[in-house]
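The values are calculated or read from the model by the stated rules, or taken from the named source; none is laboratory data. Because the structure is predicted, anything quoted here is derived from the model rather than measured. For neighbour counting, all protein chains shown are included, and Cβ atoms are generated from backbone atoms with ideal geometry for every residue, glycine included. Heavy atoms of the whole protein, side chains included, go into the accessibility calculation; ligands, DNA and RNA do not. Shrake-Rupley method; radii C 1.70, N 1.55, O 1.52, S 1.80 Å.
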Amino acid sequence: MTKDSAYASARGFRVHSYPREDETVVECHGKLTVENAPLLKSEIREMIPNQKRIILDLKEVPLMDSSGLGTIVGLYVSARTRRCAFELINANRQIRELFGISNLLSLFEPTGRHGGRMM
């Protein structure tokens, strides 16, 4: 991917991606809920075969439900099976708690410890 791309849902959720060195950063803006999760899924699934590393920036995501959680975990699995690193950054407390309650925080803990990212 050589240029920025942006996609938006009818409910105000936006996805913006841009290349950075040997990775692609995907910024989410808005609530990551059942209505908006398909947009994120379709945007990132297209990137996975062509990327070595995808960083999902959740700085502008105030709330995530179980559909958002399932989408992120599904994208993580898809990326890893295609040898693409998939990392989260800037997750707020509610999102970290959702991963913790679901016992999935360990998938992304190394990112938080080493890069000061998810945590």
Can you tell me which residue is nearest to residue 79 (Cα to Cα) among those in the stretch 44-57 that are open to solvent by less than 10 Å² (accessible area, probe 1.4 Å) and in a helix (DSSP H, G or I)? 48
Return the only residue of 40, 69 being in contact with a strand residue (DSSP E or B) (Cβ under 7 Å, 6 or more places away or on another chain) and within 17 Å of residue 108 (Cβ to Cβ). 40
Looking at the stretch 58-69, which of its residues are surrounded by 15 or more Cβ atoms within 10 Å (Cβ to Cβ) and assigned to a helix (DSSP H, G or I)? 67, 68, 69
Residues in the stretch 17-43 that are part of a loop (DSSP other than H, G, I, E, B) and open to solvent by 60 Å² or more (accessible area, probe 1.4 Å) total 5
Under 6 Å between Cβ atoms, at least 6 apart or on separate chains: pull out the pairs that start in the stretch 72-100 with a residue that is at positive phi and end on any residue that is open to solvent by 30 Å² or more (accessible area, probe 1.4 Å). 90/59
Over the stretch 82-99, the set of residues surrounded by 20 or more Cβ atoms within 10 Å (Cβ to Cβ) and part of a loop (DSSP other than H, G, I, E, B) is 84, 91
Quick one: in the stretch 1-16, of everything that is part of a strand (DSSP E or B), of a type outside the set (D, E, K, R) and open to solvent by 30 Å² or more (accessible area, probe 1.4 Å), which residue is modelled with the highest pLDDT? 16
